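Participant: Input: one structure, supplied below.
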Amino acid sequence: MPICRECRLGVPASYDACPKCGNPLVAPKAPAAAMTRPADDYESFFVRAASGPAATVTATALVPATGPVEPEWARARPLPEDVAAAASESPADRAARGSVLKTVAVAIGLGVLVLVVASMAVDTATDSVLHRLGIGLSLTTLLYVAVALIVASKLRTSPIQPRLAEGSRATGIVTGAFIGGALGLGLGLVNSLLSGHVTSDPRILSVIFEGNGALAFILVFISVIAAPLVEEILFRGLLVESLRSRGRSSAILAGAVAFSLWHLNPVALRYYVLMGFLFGWLYWRFGLAGSVSAHAVFNGVLVVFAFAALSGSSVVTTTSGVTVRLPGGWHEAHTQTLAGLGLDVAAGSPLGAGFAVGHADLQPTPGTEFAPTARLPSADSLPPGATDVRDVTVSGTAALRFTITHGTEESTLVLVPRGSRRYVVTLVPHHDDKARRDLDAMLSSLRLP
């Protein structure tokens with residue numbers, strides 16, 4: 001409807017002038033929705049004439065507008081995946097995650113309880129290593145059985161379920177086994193090179209060194225089957241999965257930290273965090289098929305290294321004229337170590353037992369060129385606290401054997417006079433019955449110059 005310029009009166013379209021004031025009429029402005037805009041872009045909206053700077057608008061460059069143009073900064077952008085997932089979580093999802101966190105806390109608490117019970121059940125001063133290992137493995141087996149039952153119950157009731165495989169299950173298993181095997185092999189080789197002899201995880205070595213078939217079987221079962229299954233389902237399949245909405249890095253890191261706390265070994269905390277992070281990445285990429293296979297093969301390689309370290313035959317070693325036969329699993333000390341300690345021969349077992357041979361030269365008698373002949377001391381001249389004093393024969397020479405106790409550690413010394421030298425053989429069994437038998441065998445094989 002036309003509008004009067006002066007009085008702004010709306011007048012029917014049939015009028016040419018305002019009936020009120022007589023002024024000419026103007027047409028109303030087009031609404032915003034009826035405005036036109038370029039068909040393709042704003043540059044094509046204006047077409048400049050070739051004859052001058054004046055611009056004309058071509059009919060083909062204009063199309064009806066569909067609405068106002070929204071600026072780029074005002075356009076809605078999609079939220080990051082983890083933020084969007086967290087924002088869309090329902091109270092039921094948060095409750096399920098809280099339940100999983102409680103399950104993990106209960107499992108770690110059970111591990112602490114088992115550790116306390118084990119420390120109360122053994123006496124490190126008097127119990128043999130075999131007895132302590134038996135109690136430790138028995139309690140560890142009970143722990144894994146209890147945690148496995150808790151995890152199985154949680155899987156039946158929780159909406160959070162582990163992802164068995166991401167993509168091909170066979171690809172996950174093969175990739176995980178390859179990564180776990182390569183990592184275990186590399187770690188075993190590095191430790192062996194640093195030690196100067198084949199070695200492995202001390203706890204695995206201690207069980208296999210005792211030569212008890214039942215304990216070795218339990219150890220292999222826990223290391224290769226129970227631990228990979230229970231730990232991966234608990235820390236990756238439940239914990240990492242429950243935190244998937246928080247993002248990959250946060251979820252994997254949380255699982256790795258919980259995994260390290262579960263092992264209750266402050267000295268190796270960073271080691272277990274790194275291993276947990278690796279297993280978490282494999283779970284995120286391949287599911288349980290990747291993480292379980294990597295965990296099982298890694299532990300299996302460490303077991304193989306332990307058997308290799310202890311399955312060798314006895315070795316005859318000669319240093320400074322002293323010859324001794326070392327049983328399988330024993331390793332000789334480095335030459336630099338012997339020189340620093342003033343020893344002729346030294347060897348150690350995987351559990352810390354020790355065997356050492358040293359000597360002292362008697363000085364010549366003043367006014368003569370000859371050193372006196374070494375003699376055995378009398379029983380009265382032995383150090384205070386010497387027990388189990390007895391005469392023995394070593395390398396065809398009469399010797400004196402006795403035992404000294406320092407705190408909770410027991411050491412056996414053998415004094416062997418040989419010309420102008422007095423040899424001292426030290427045996428430290430470290431509460432290990434097998435090491436004590438090995439030490440007696442080494443003493444019998446000892447040959448002195």
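Participant: Rank-order 223-235, 96-108 by packing density, defined as the average count of other C-beta atoms within 10 Å over each peptide's residues, highest first. Could you put the intermediate results ahead of the total?
Facilitator: Details: 223-235: 21.7, 96-108: 17.4.
Going from most to least packed, we get 223-235, 96-108.
Participant: Taking the highest mean first, how do the peptides 265-276, 284-295 order by number of other beta carbon atoms within 10 angstrom per residue? List each step's numbers first, then the result.
Facilitator: Details: 265-276: 14.3, 284-295: 25.9.
The peptides rank, most packed first, as 284-295, 265-276.
Participant: Add +1 for every Lys or Arg and -1 for every Asp or Glu among the other residues with Cβ under 9 Å from the Cβ of residue 100, and state the total. Don't skip to the end; give the middle numbers.
Facilitator: Numbers: positive: 97, 102, 154; negative: 241.
Around residue 100, the charge tally is +2.
Participant: For a test of the definition: using alpha carbon positions, the gyration tensor, and the 1.5 limit on a/c, classify region 83-235 as rounded, prolate or oblate. Display every interim value, and only then the final one.
Facilitator: Details: a/c = 2.56, a/b = 1.45, b/c = 1.77.
Taking the square roots of the gyration eigenvalues as a ≥ b ≥ c, region 83-235 is oblate.
Participant: Further, regarding this structure: What order do you get for 110-118, 199-207 when each peptide is scored by the mean count of other beta carbon atoms within 10 Å, highest first? Spell out each step's value before the answer.
Facilitator: On the way: 110-118: 15.0, 199-207: 20.4.
Those peptides, ordered most packed to least, come out 199-207, 110-118.
Participant: Treating the Cα atoms of region 217-266 as identical point scatterers in vacuum, please give the log10 of the normalised Debye intensity I(q)/I(0) at q = 0.12, 0.14, 0.17, 0.28 Å⁻¹, two decimals.
Facilitator: -0.30, -0.40, -0.55, -0.99
Participant: Compute the Rg/Rh shape ratio of region 277-326: radius of gyration over Kirkwood radius, all on alpha-carbon atoms.
Facilitator: Over the Cα atoms of region 277-326, Rg/Rh equals 1.44.
Just so you know, all these numbers are worked out from the coordinates, no wet-lab data involved. All figures in this text were calculated on a predicted structure; none of them were measured in a lab. So basically every Cβ, Gly included, is an ideal-geometry build from the backbone, and we count neighbours across all protein chains shown.
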